[in-house]
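The structure appears below as structure tokens.
The values are calculated or read from the model by the stated rules, or taken from the named source; none is laboratory data. All of these numbers come straight from a predicted model, not from anything done at the bench. Methodologically, a virtual Cβ is constructed for each residue, glycine included, from the backbone with ideal geometry; neighbour enumeration extends over all protein chains shown. Side chains included, ligands, DNA and RNA excluded: accessible areas come from the protein's heavy atoms. Shrake-Rupley method; radii C 1.70, N 1.55, O 1.52, S 1.80 Å.
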Amino acid sequence: MRYAIYFTPRQDEPLARIAANWLGRDPFGAATRPVEAVADLAAEEVAFHTASARRYGFHATLKAPFRLAASETEASLRAGLDHFAEATPVVTIPRLVVSQIDSFFALVPEGPLPPLNRFADEVVRDFDRFRAPLTEAEIERRSPDSLKPAEFRNLCQWGYPYVFETFRFHMTLSGRAGPQESPRLRAAIDSLFADILRQPVLVDALTLFVEPEPGAPFMVLSQHALGRRPARKTA
């Protein structure tokens with residue numbers, strides 16, 4: 001069993017509903033649903049392009065999937081999330097846009113957003129005590145020879161290559177697409193998400209996902225609202 005700390009909109013929010021329809025799965029306990037044709041893409045093409053993202057559900061990674069440390073439990077992890085969330089203010093993303101990162105499509109902030117990066121950094125640091133060290137096999141699955149030095153250091157120290165200086169907030173919408181496929185895929189995503197992306201997005205909760213067994217779909221276990229009490233100030 002692995003856990004992950006993600007951001008995802010609440011289940012009833014329009015962005016969450018549109019993304020669930022696009023990916024063909026709602027991670028809030030709902031069963032896989034048939035995908036539909038979008039713009040110039042047939043349903044079978046949408047299903048193909050979203051297959052890798054479907055297992056994880058619509059999300060932005062904050063603390064990548066991890067096994068629990070021997071000294072921790074699911075209950076202590078959830079209590080830690082409550083404590084962190086209560087003292088952490090909401091972060092507003094003025095606008096998300098569609099972008100292609102390493103050949104896959106994702107929603108990313110339109111411009112630099114230091115408060116969002118600081119928030120992600122704090123999640124990585126604060127919850128690292130809950131993470132069991134990576135095994136050699138887990139490190140190998142990350143293809144360490146293909147990582148840059150900073151990414152490899154992050155993998156060894158924090159369990160994930162893309163944190164701190166290598167972090168980029170993104171909400172994945174597809175698998176990798178080649179140059180011939182990308183224009184049609186981009187057009188379909190744009191047509192589906194254009195209206196909702198005119199609105200700001202509130203990062204207002206941490207969501208605990210769980211992978212019950214290797215290869216199983218990630219499911220929402222709990223959501224922890226941010227900003228329920230003022231952050232404590234120290235001298």
FRET efficiency for Arg125 and Glu13, Cβ-Cβ distance as r, R0 = 30 Å, nearest 0.05? 0.60
Helix 74-86 sits off the longest principal axis of the Cα atoms of the chain, rounded to the nearest 10 on a 0 to 90 degree scale, by 90 degrees
What does the extension gain come out to for Val98 and Glu140, with contour length at 0.36 nm per residue minus their alpha carbon separation? 12.0 nm
Summarise the accessible area of the chain (1.4 Å probe, protein heavy atoms) by the percent that is carbon and sulfur. 53 percent
With +1 assigned to the C-beta of every Lys and Arg and -1 to the C-beta of every Asp and Glu, and no other charges, what is the dipole magnitude of the chain about the Cα centre in debye, to the nearest 20? 520 debye
On a full-extension model of 0.36 nm per residue, what is the gain between Ala150 and Gln199, subtracting their alpha-carbon distance, rounded to one decimal in nm? 14.2 nm
Can you give the extra length, in nm with one decimal, that the chain gains between Ala37 and Ala79 once fully stretched, where that is 0.36 nm per residue apart less the Cα-Cα distance? 10.9 nm
Can you compute the helix-only [θ] at 222 nm over the chain? Use -39500 (n - 2.57) per DSSP H run of at least 4 residues, normalise by all residues, nearest 500 deg cm²/dmol. -10000 deg cm²/dmol
Output ³J(HN,Hα) for the range 106-118: one whole-Hz value per residue in order, computed from phi by the Karplus curve 6.51 cos²θ - 1.76 cosθ + 1.60 with θ = phi - 60°, and x for Gly and Pro. 8, 8, 9, x, 5, x, x, 9, x, x, 5, 5, 5
Whole-angstrom Cα spans of the range 1-223 along principal axes, big to small: 51, 39, 35
For the chain: relative contact order, % (alpha-carbon pairs under 8 angstrom, 6 or more apart): 34 percent
Taking Cα atoms of the range 105-182, Rg/Rh with Kirkwood Rh, to two decimals? 1.01
Surface per residue (accessible, 1.4 Å probe) for the chain, Å²: 51 Å²
